[in-house]
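To start, the structure under review is shown below, and the notes come after it.
The values are calculated or read from the model by the stated rules, or taken from the named source; none is laboratory data. Being a predicted model, the structure only gives us computed values, none of them experimental. All Cβ positions, even for glycine, are placed from backbone atoms using ideal geometry, and neighbour counts span all protein chains on display.
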Amino acid sequence: MVVEPWDVAFLLEKLKQQKYSISNEALRQYFPAGTVMRGLFELASKLYGVSFSIDPGVVTWHEDALYYRVHDRDGAEVGGFYTDLYARGGKRTGAWVDDCVNRKNLSGSPTQPVGFLVCNFSPPDDSSPSLLTHDDVVTVFHEFGHMLHHLLTRIGYPSIAGINGVPWDAVELPSQFMENFAWNLEVLQSCSRHLDTGEPLPRELFERLDDSRHTGAAMAMMRQLEFALFDFRLHAEYAPGEQGLAMKILGEVRDEVALIAAPAYNRLPHSFSHIFAGGYAAGYYSYKWAEVLAADAFGAFEEAGIFDADLAHRFRSEILEVGGSRDIMDAFVAFRGRRPEIDALLRQSGITTK
């Protein structure tokens with residue numbers, strides 16, 4: 001049997017169903033959106049000592065949007081953020097975090113950061129709350145990592161506070177780091193309550209979910225390497241006026257790393273907006289490099305304990321609080337005690353030597 005590119009998603013889904021019997025619909029019953037958010041806030045409180053409270057007095061643009069005030073363990077307010085979690089007509093698709101107000105202290109009177117966290121989850125209705133897939137849970141953990149980066153900064157210069165001024169290949173570190181907690185049983189149990197029984201996610205179902213995480217992981221990694229190598233070579237070897245250079249380079253990269261042959265009519269460069277229109281030109285590698293940083297950082301928590309207070313304090317002070325004020329490699333070494341290594345990402349992806 002010849003596997004064509006358009007077969008891959010179908011075959012991977014069939015493999016997951018056959019090997020792990022994972023049903024997204026069954027998982028959704030355990031993840032009401034409100035329960036997930038409460039568990040996520042509880043996680044942030046355990047790690048960093050911050051607390052979250054809704055302020056109903058803040059006017060929002062839609063009844064689904066909420067405003068949260070964020071306080072540190074000493075009661076001091078550190079900032080706030082809006083959430084707008086549900087899909088609706090006229091709303092931009094996707095999920096993202098952005099800043100409304102950056103932290104600054106240029107005149108001795110500090111301005112606290114404010115941001116917004118937007119998703120497009122299925123909205124609640126009269127018979128049921130909004131129920132999230134596990135992919136949705138990972139998404140909101142990811143975006144909340146960006147939000148913590150924005151809120152917990154200690155830098156008073158807006159251009160390098162929070163997510164600003166952070167090198168492109170490290171800005172996804174806090175977000176991808178937070179994703180890893182969405183694959184931890186103890187965390188997921190605090191974020192889950194079955195819609196009918198109120199029971200948290202059972203261990204047996206979690207173990208099947210965790211096993212399914214590796215399905216297609218090596219193939220996905222090679223696909224990312226294909227994109228990154230093409231991006232690097234295109235920018236390094238560009239020659240004005242040379243016809244067909246992009247497709248020639250892409251063909252050579254695919255011959256080196258692609259696992260599934262692309263059809264001859266494929267013209268990936270024509271739609272590769274990340275490097276031609278999306279700000280990742282000569283920087284697409286940052287997706288995978290940030291995964292290396294995030295997996296290695298989370299590996300420290302796997303070694304010391306998932307809620308280790310000293311480690312969480314060090315991650316906050318050395319990574320989240322410094323914004324773009326410090327060389328990111330120096331910041332990572334200050335947290336981890338060494339330069340990043342790839343072992344944790346390979347292990348996380350199920351790629352081992354055994």
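Things to note:
- Among the residues listed as S159, S130, S190, the single one being out of contact with any His (no Cβ under 7 Å at 6 or more places or on another chain), closer than 23 Å to T60 by Cβ and polar (S, T, N, Q): S130
- Meets criteria (out of contact with any Asp or Glu (no Cβ under 7 Å at 6 or more places or on another chain) and either of a type outside the set (D, E, K, R) or without any contact (Cβ under 8 Å) to a residue 40 or more places away in the chain (or both)) for E4: no
Listed here are the residues, each with its yes/no results for (1) outside any loop (DSSP other than H, G, I, E, B); (2) under 23 Å from the mean Cα position of the chain (by Cα); (3) touching a residue at least 60 places away in the same chain (Cβ under 8 Å); (4) surrounded by fewer than 17 Cβ atoms within 10 Å (Cβ to Cβ).
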{"position": "E63", "(1), (2), (3), (4)": "no, no, no, yes"}
{"position": "Y68", "(1), (2), (3), (4)": "yes, yes, no, no"}
{"position": "F81", "(1), (2), (3), (4)": "yes, yes, yes, no"}
{"position": "D84", "(1), (2), (3), (4)": "yes, yes, no, no"}
{"position": "C100", "(1), (2), (3), (4)": "yes, yes, no, yes"}
{"position": "L106", "(1), (2), (3), (4)": "no, no, no, yes"}
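- V118 vs. criteria surrounded by fewer than 17 Cβ atoms within 10 Å (Cβ to Cβ), of a type in the set (A, V, I, L, M, F, W, C) and either assigned by TED's automatic domain parsing to the domain that holds V166 or in contact with a helix residue (DSSP H, G or I) (Cβ under 8 Å, 6 or more places away or on another chain) (or both): no
- Test: residue in the range 234-255 that is in contact with a Lys or Arg (Cβ under 8 Å, 6 or more places away or on another chain), crowded, with 16+ Cβ neighbours inside 10 Å and of a type in the set (D, E, K, R): no
- Filtered by the rule that a residue be surrounded by fewer than 17 Cβ atoms within 10 Å (Cβ to Cβ), of a type in the set (A, V, I, L, M, F, W, C) and farther than 22 Å from A182 by Cα, the range 303-337 gives M329, V333, A334.
- Residues being free of Cβ contacts under 8 Å to residues at least 24 places away in the same chain and either farther than 27 Å from E172 by Cβ or not in a strand (DSSP E or B) (or both) - total across the range 108-124: 2
- Count of residues meeting criterion [part of a helix (DSSP H, G or I) and among the small types (G, A, S)] in the range 133-186: 4
- Residue in the range 13-29 that is more than 30 Å from T215 (Cβ to Cβ), out of contact with any helix residue (DSSP H, G or I) (no Cβ under 9 Å at 6 or more places or on another chain) and surrounded by 11 or more Cβ atoms within 10 Å (Cβ to Cβ) present: no
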